[in-house]
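Could you have a look at this structure, given as structure tokens, before my questions?
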């Protein structure tokens, strides 16, 4: 069948910018506090000092990419201890599952970096251009006059400075912050530092200032995953439809034949303050980040018209069923402490406890032994059988330490460290040293004439007397 209009439909709707209205209340205040804490931790942490000896920057939190190590105050993670990082990532995932199952997208609404920086950028925009109505008028103004250019440029400059501070703070975690700052200002820093700062500055400016809610709706996968974490007992932001409907403007004198109205006066205050631009009265939606600003806006309006607060509130689906039937609301603790959340909490605590125990029982001295198999053994001119090994010594102390290498075996064997007298090896502070070690068996001895002899190589820190050993084998000339 032919149609009069063969033009294909437009499947893409242009973005309509969202200009949230200023709101005050307990949840808005909580978001301000969390913003100050999270931004403060991010920007200030690289400047905390911590003595790490002469070879490393005196920085409390440092990612040492050159040596593949991570420092967090008194904690030091080496490359072979990557399981600590994996454990922390598992804890972060379990923690996200826990909070989502208990309180919905509370992470997204309060502590997600996208939310925090978007809140900060909106605050700057409101400070420069005015509240919602003023920003809407400026956006709809077609003429680009001097005032509009001045306001837009002022806003963009402040955004760029915030984004620059964001990118700059990130690179400070990877080098000595005061030194790197001076190098950046004097144009002596490595090009990688400048490119990283530029990239993070650009992404922060675009994501936090321009794209805003689009990052949460289209780029972030969590809105589509969260449904698997939530159930009917998950507490989230919801509208008490049975109390608010039918909505309408209340009149002082209502007609006797007119159906009574609900508490909602259809003022759209909850819509105007939403950073995602949705109407919570339409039910739970993918876009909702559970920031609860609509609760503050609705509570403020309810107070003005003399109605009880809580028309929009944190609640669960089971609360809706109870309240519709006239029963009391289920206590919050029953929503939080249930099988799903207890399971997540137990798993999270078990991983954390395991990491803590592993952190405090790990030795400051560690050793690995790799036998050289090409050739398996060497016959010396006097008939001595010699095996070669690569022994990797790790000194996790902040000072040079002498390590004594010895062996434990039932046979008469001798150990020699290449370039070290009496097998005493000096290992530099906070470093790993690869040492070539030889084990030799006298001609005619049991080890020399046996195919394989079990050997344990011991390494002792002569200062702390701490020991570490690794089992290996000695290959003889079987006859």
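The values are calculated or read from the model by the stated rules, or taken from the named source; none is laboratory data. Predicted model, so just to flag it, every value in this text is computed and none were measured. Cβ placement follows ideal geometry from the backbone for every residue including glycine, while neighbour counts extend to all protein chains displayed.
Among the residues that make up region 321-334, is at least one of them crowded, with 16+ Cβ neighbours inside 10 Å, within 30 Å of residue 217 (Cβ to Cβ) and in the same structural domain as residue 276 (by TED's automatic domain parsing)?
no
Any residue in region 221-241 that is within 16 Å of residue 164 (Cα to Cα), touching a helix residue (DSSP H, G or I) at 6+ places or on another chain (Cβ under 7 Å) and part of a helix (DSSP H, G or I)?
So far as region 221-241 goes, no, none of its residues is within 16 Å of residue 164 (Cα to Cα), touching a helix residue (DSSP H, G or I) at 6+ places or on another chain (Cβ under 7 Å) and part of a helix (DSSP H, G or I).
Enumerate the strands (runs of 3 or more DSSP E) found wholly within region 405-465, keeping only those where 1 or more residues are touching a helix residue (DSSP H, G or I) at 6+ places or on another chain (Cβ under 9 Å) and not assigned by TED's automatic domain parsing to the domain that holds residue 51.
Fully inside region 405-465 and qualifying: 413-417, 431-441, 452-461.
Out of the residues in region 305-320 that are exposed (fewer than 12 other Cβ atoms within 10 Å of the Cβ) and modelled with pLDDT under 90, which is farthest from residue 273 (Cα to Cα)?
Ranking the candidates gives 306 first.
Which condition does residue 364 not pass, out of (1) in contact (Cβ under 8 Å) with a residue 60 or more places away in the chain; (2) over 29 Å from residue 114 (Cβ atoms); (3) surrounded by 15 or more Cβ atoms within 10 Å (Cβ to Cβ), if it passes all the others?
With (1) in contact (Cβ under 8 Å) with a residue 60 or more places away in the chain; (2) over 29 Å from residue 114 (Cβ atoms); (3) surrounded by 15 or more Cβ atoms within 10 Å (Cβ to Cβ) applied to residue 364, the lone miss is (3).
Evaluate the following for residue 277: is it out of contact with any helix residue (DSSP H, G or I) (no Cβ under 9 Å at 6 or more places or on another chain) and either more than 22 Å from residue 30 (Cβ to Cβ) or not in a helix (DSSP H, G or I) (or both)?
In short, no.
Also: If residue 174 satisfies every condition in (1) within 18 Å of residue 288 (Cα to Cα); (2) crowded, with 16+ Cβ neighbours inside 10 Å but one, which is the exception?
If we test residue 174 against (1) within 18 Å of residue 288 (Cα to Cα); (2) crowded, with 16+ Cβ neighbours inside 10 Å, just (1) comes out false.
Looking at 206, 157 in this structure, which one is farther than 28 Å from residue 49 by Cβ, assigned to a helix (DSSP H, G or I), in the same structural domain as residue 120 (by TED's automatic domain parsing) and modelled with pLDDT of 95 or more?
Sole residue among the options that is farther than 28 Å from residue 49 by Cβ, assigned to a helix (DSSP H, G or I), in the same structural domain as residue 120 (by TED's automatic domain parsing) and modelled with pLDDT of 95 or more: 157.
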